[in-house]
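Notes to accompany the following structure.
The values are calculated or read from the model by the stated rules, or taken from the named source; none is laboratory data. Here the structure is a predicted model, which is why all the values come from computation and not from measurement. Here Cβ is always computed from backbone atoms with ideal geometry, including for glycine, and neighbour counts include all displayed protein chains.
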Number of protein chains: 6
Amino acid sequence: MTEPEGALLVVSAHAGDFVWRAAGAIALAAERGQRAKVLCLTYGERGESARAWREGKSLEQIKAQRREEAENAAAALGAEIEFLDAGDYPLRQTDELVDRIVRVYREVDPTVVLTHPLTDPYNGDHPAAARMALEARVLAQAIGYPAPGEPLGAPPVFFFEPHQPEMCDFKPQVLLDITSVFERKRRAMECLPAQQHMWDYYTDLAKRRGVQLKRNAGPNLGLPHDTRAEAYMRLYPQVTGELS
Amino acid sequence: MTEPEGALLVVSAHAGDFVWRAAGAIALAAERGQRAKVLCLTYGERGESARAWREGKSLEQIKAQRREEAENAAAALGAEIEFLDAGDYPLRQTDELVDRIVRVYREVDPTVVLTHPLTDPYNGDHPAAARMALEARVLAQAIGYPAPGEPLGAPPVFFFEPHQPEMCDFKPQVLLDITSVFERKRRAMECLPAQQHMWDYYTDLAKRRGVQLKRNAGPNLGLPHDTRAEAYMRLYPQVTGELS
Amino acid sequence: MTEPEGALLVVSAHAGDFVWRAAGAIALAAERGQRAKVLCLTYGERGESARAWREGKSLEQIKAQRREEAENAAAALGAEIEFLDAGDYPLRQTDELVDRIVRVYREVDPTVVLTHPLTDPYNGDHPAAARMALEARVLAQAIGYPAPGEPLGAPPVFFFEPHQPEMCDFKPQVLLDITSVFERKRRAMECLPAQQHMWDYYTDLAKRRGVQLKRNAGPNLGLPHDTRAEAYMRLYPQVTGELS
Amino acid sequence: MTEPEGALLVVSAHAGDFVWRAAGAIALAAERGQRAKVLCLTYGERGESARAWREGKSLEQIKAQRREEAENAAAALGAEIEFLDAGDYPLRQTDELVDRIVRVYREVDPTVVLTHPLTDPYNGDHPAAARMALEARVLAQAIGYPAPGEPLGAPPVFFFEPHQPEMCDFKPQVLLDITSVFERKRRAMECLPAQQHMWDYYTDLAKRRGVQLKRNAGPNLGLPHDTRAEAYMRLYPQVTGELS
Amino acid sequence: MTEPEGALLVVSAHAGDFVWRAAGAIALAAERGQRAKVLCLTYGERGESARAWREGKSLEQIKAQRREEAENAAAALGAEIEFLDAGDYPLRQTDELVDRIVRVYREVDPTVVLTHPLTDPYNGDHPAAARMALEARVLAQAIGYPAPGEPLGAPPVFFFEPHQPEMCDFKPQVLLDITSVFERKRRAMECLPAQQHMWDYYTDLAKRRGVQLKRNAGPNLGLPHDTRAEAYMRLYPQVTGELS
Amino acid sequence: MTEPEGALLVVSAHAGDFVWRAAGAIALAAERGQRAKVLCLTYGERGESARAWREGKSLEQIKAQRREEAENAAAALGAEIEFLDAGDYPLRQTDELVDRIVRVYREVDPTVVLTHPLTDPYNGDHPAAARMALEARVLAQAIGYPAPGEPLGAPPVFFFEPHQPEMCDFKPQVLLDITSVFERKRRAMECLPAQQHMWDYYTDLAKRRGVQLKRNAGPNLGLPHDTRAEAYMRLYPQVTGELS
């Protein structure tokens, strides 16, 4: 059997985003033996930790807790994780932060990139992370950009599903079958105890996207009743040798 | 080696459309050993035969000539071809015509469908053909629709590239590598002598889409200098087991 | 207490559509004492009765069964129901059918109209019903249109949520709180035994839209934990005396 | 009679914007007894004071004059007004400015927010103000954001009508009946003597939007001949207990 | 001085549309000495003659009255007018009606075509007329289409401004200076006494579009204070030898 | 013969952009005797000089080489050129840079402005340059903006064609006939030896846009077989005295 090729890079605004929205894709890559790396620009310490703030935790306590939870979730998926601690709510684009992301691209040399969609009226950090992920990808492709490593190729970029898809102009273009790794995704979600209501929410979403996958795949394909899926959008055209 | 699965169905308004815009996809399917069937709703006898009219040919002569050329082109690609002779300029939707297309779907049982985009301000027959192709596909899926054969699955639909893509809201979503069959596409084009200026036009387009394919695939993939491609849009979400 | 004013008219392509997508709005109108009328253009006998066809039922049996189920559901919601039996898959626009809908408008004189969205790549009957509902509404407004009754006012039109919202360009613009009538909606759904898997599907959807309603209403409003909602789009501008 | 609830917050790029575009909504809120607060990010001293510059006034003179006029207009409407003097042409987003807006949100605790649309090819300050108003609203909702006061709820946001609506992708979604307060709006406009040609322009606009309101409300509603209206767009879905 | 070249063809759903929306363009063409022809598909006897119906007029009386008024307006503009009497509310596309329009194209050989926009949620006859005008234009270009005369060139198509532009996706792309012929437009409007309120409405619109024209032309161009304009959209790209 | 009026200003992100995409428009202006000025915000030293980096050139060498090449190309077209050396990959908006562009506007007083489209997923510098060009144009119009010279008029803005038009939402709205100056454009392209493959690419594009121009101009206009064209989009409405 040949060595699995390629690496997956996930650029996430906050510590938990990659779990709810892309854990299936991450686990699939890891199970294929590929390198999977999650880059969290912030811990989500201000904007996505309401319960901890209400419990009176300090900023440092919250960051430490979010970090630990995200590390556990990444481990459950078989992924590496790195935190840039850029500060959330608001997450701001700076040249230094973009440069750090460029260096990650150059080091990981991903064949697939996942990030947030570019529109989210409920959370400005998500589009900010996406804009930086996209800009850094283009910069990393330039031989003239002063960062270590080889110029990047042209890895495809997929936007994962936001919490309120219709409000974010999110239209599923790719339905990824995650049935075989769904239990792993569920375990990763359970590493985030502060957002327990999300466990069922994203389990239900996986079911619905699974129903949609089956409907689009056709009734004759013999997909199991409990098919689970994640939805994605593409930024760039798909390159393929066969229409299917 | 396993038997190639699936069949390709191309629904085309006029006799020549499938050659310029989808010959690569057809030849690839045929070379894989799949069944490839082209369904021409009309011969393009009024709207796309200007030279023949100027030469004073009769309507029946023009239809016979277009039919023969299209049959030659289909043969060069390894595809079957059927003509419904529904009359062009204008091509009109009728229940009877849609029913005939439903029966073709049921008989061919395609796993991939190709047709025109839904917008074309320069040629109303193209969107009309696309609307019928889409409606017939949905009808063929219903067990209650009174036509012979089994209900259709849910084959993906791809729109091939129109002549003036920007004016037809055509944005390439899939770039299909047709390098290995491009000579075959060229030969099919040469079966249509009345539109000789199109041979080079679509050869150039294949080069440009090839350049775009390479740019989106990344410089590291080792694609040949003379990569040739065709561009497509999807109507429905892609169903996949791996992001790539 | 004053007499409740106005009437609700729901124009539905098939016999079951109004239950899954608009039962909450219908039940709310009925509980306010308003007249609520459902107009089913077809029984959905070919396109939405797959199980019955597989069981070998005849066309007339299927139509009778669908009719009875829909009558039961309408009764559970406190609504009238009328069937035009126009034939589905495909549902075709005809002048006669539009004229019949105009007459219903003139007779009911609705203050609110509900129908399908104008786009649905999975089911052409839905947009066809919507186009006729909209055209008939405009015709019914004209004093010169030859039908009995007074010219219609300008009732607002709401599109109810389709089965795959993102694929139908459906973006929730109005979230209707149906918590107080949700049990009634559930009972209406249970009148449609052939589509039992839909009961939970639309119960889950009501929960999700309820979560979204609470998120958009703000955490301070004291909405109950089990808020249930339906989503709608507007075709025309809202007319109001107060922004809220 | 119960105490009127809620407060209205208007975030305006320049000193005069709130008068032309939202004075009706402000006066309606004030007449209902609600708190209405206008937040002017700048005085419009460079970009919207051409006449004063041509008259040779100094920057400080212009700012003082614009301030006084805007204070008079706000008083005529029954509203509070505050100026952040952030500098216009260009108005720039800074973390400090956004933080000041967050603090206003936390203090006012608005139930309705009005601001500019997000697109305006004729004036970049307008979208800049809107982006800050929206970002500050999201930040103010987070318990972890370090500003005094309680986390904000989720007040709906309305975009008021720009000067060239079609060029700003502005489509009226809400038509607000301001007939009862139109004289008040006219008096507020007359507090801005340097832009006298706008008095009639926005009086005409109120008439046209009033005609449109009547057309969308239906001929039977008995609205007066001189109905006046303002047009708005929504950013978030409407939350309601009744479709109307 | 050279002979003015070209002809203007206006395809209008009802008898009055060309006056309110395109009288300026028509008068300009006529003053340049060009042929200007108005083709009214219907008299607007049902949908746009509410007052006459309320006065108890018969269908034939209404059609005669509308015809006479439109003839007077066309004469005031220096244009020919022809009526196809296809029946309005609803205006239906038929092959025969399209064929009649094709023959008008072939006879007039227009260098500019004006018609309605393709979207109008308030009046389905307008888009129906536009679709037929566009289809007939394409058919008239085909040498193979069986109608007398030479194949048409490729005259540009302009959509004139609908009554509620924002609701019809109408964005002004061309602002036509009609100052020199505005009095003529006013006289043509006054030929339509049943819609007297429209005289001022469209006079005001001409002022507003004139203000917008001046704003887009720049303050230095010395345009008069009372500049009057009409707004149009293009369907096809502009062809030019100079950017301006 | 009257003095040619007006000046052309081209705002370009990198040193070569104006050649590939707008050389025809520049040469046409120069041949009419108008002033044509190219403003290059950067040399494209990092992002568009891959070959030079691979050859081991230093940053300063690359900038000098790009400058010289662009100066030669501008000279071949009869245009002035100025470089702001703002640094590319990424090109960042700063108040100082925008101010410098404002001063160029005030000095040149252009009657036509050309720049990049606002969307480009392959190159963030292009939209950044466009945003600055547009903002500076608006600032330069304000008498209150503190820069030397008279306030700008309202010159129309045209976006020139990007490298992958469909991916940049670029739809040709204006097709400019550059046949008479194409040889000059070719010579200008040949001043950029590092991108030799682009010479043929943009020669082919000029042919294709020429074919499109002829198709939209109509077959009767007698345009030569080798018509060459460039495509543009407009940001603002066209102002005209005649539809054509």
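Details
- Filtered by the rule that a residue be more than 14 Å from chain C (Cβ to nearest Cβ), among the aliphatic types (A, V, I, L, M) and buried (at least 18 other Cβ atoms within 10 Å of the Cβ), the stretch E:60-70 gives a lone residue, E:70.
- Listed by first and then second residue, the pairs with beta-carbon distance under 7 Å, at least 6 apart or on different chains, first residue in the stretch D:154-176 and within 14 Å of chain C (Cβ to nearest Cβ), second among the aromatic types (Phe, Trp, Tyr) and not in a loop (DSSP other than H, G, I, E, B), are D:158/D:232; D:159/D:232; D:160/D:232; D:173/D:232; D:174/D:158; D:174/D:232; D:176/D:232.
- All positions within the stretch E:229-244 that are facing chain F (nearest Cβ under 7 Å) and acidic (Asp, Glu): E:242
- Candidates are the residues of the stretch D:212-228 that are more than 27 Å from residue A:167 (Cα to Cα) and polar (S, T, N, Q); the one that is nearest to the other protein chains (Cβ to nearest Cβ) is D:220.
- Residue D:111 polar (S, T, N, Q) and touching a Lys or Arg at 6+ places or on another chain (Cβ under 7 Å): no
- Strands (runs of 3 or more DSSP E) contained entirely in the stretch B:143-244, each with at least 3 residues that are at pLDDT below 95 and either surrounded by fewer than 21 Cβ atoms within 10 Å (Cβ to Cβ) or of a type in the set (Gly, Ala, Ser) (or both): none
- Among the residues of the stretch E:94-136, those identified as in a helix (DSSP H, G or I) and without any contact (Cβ under 8 Å) to a residue 12 or more places away in the chain are E:95, E:96, E:127.
- Yes/no for residue F:94 being surrounded by fewer than 24 Cβ atoms within 10 Å (Cβ to Cβ) and either over 19 Å from residue D:120 (Cα atoms) or more than 11 Å from chain E (Cβ to nearest Cβ) (or both): yes
- Residue within the stretch E:42-59 that is buried (at least 21 other Cβ atoms within 10 Å of the Cβ), in contact (Cβ under 8 Å) with a residue 60 or more places away in the chain, away from chain C (no Cβ under 14 Å) and under 18 Å from the mean Cα position of the chain (by Cα) present: no
- Within the stretch E:28-38, considering residues that are touching a helix residue (DSSP H, G or I) at 6+ places or on another chain (Cβ under 6 Å) and surrounded by 24 or more Cβ atoms within 10 Å (Cβ to Cβ), the one nearest to residue E:65 (Cα to Cα): E:38
- Count of the stretch E:42-81 residues which are among the polar types (S, T, N, Q) and touching a Leu at 6+ places or on another chain (Cβ under 8 Å): 1
- For residue E:11: the one exception among (1) over 22 Å from residue E:97 (Cβ atoms); (2) modelled with pLDDT of 95 or more: (1)
- Checked against (1) surrounded by 24 or more Cβ atoms within 10 Å (Cβ to Cβ); (2) under 20 Å from residue A:128 (Cβ atoms), residue A:25 passes all but a single condition, namely (2).
- Residues of the stretch F:117-153 that turn out to be under 20 Å from residue F:234 (Cβ atoms), charged (D, E, K, R) and within 14 Å of chain E (Cβ to nearest Cβ), as a count: 1
- Check on residue F:139, over 27 Å from residue A:157 (Cα atoms), in contact with a strand residue (DSSP E or B) (Cβ under 8 Å, 6 or more places away or on another chain) and free of Cβ contacts under 8 Å to residues at least 60 places away in the same chain: no
- Residue in the stretch B:71-86 that is closer than 22 Å to residue B:150 by Cα, surrounded by fewer than 19 Cβ atoms within 10 Å (Cβ to Cβ) and within 9 Å of another protein chain (Cβ to nearest Cβ) present: no
- Index of the failed condition, residue A:209 passing every other in (1) touching a strand residue (DSSP E or B) at 6+ places or on another chain (Cβ under 7 Å); (2) at the interface with chain B (Cβ under 7 Å from one of its Cβ atoms): (2)
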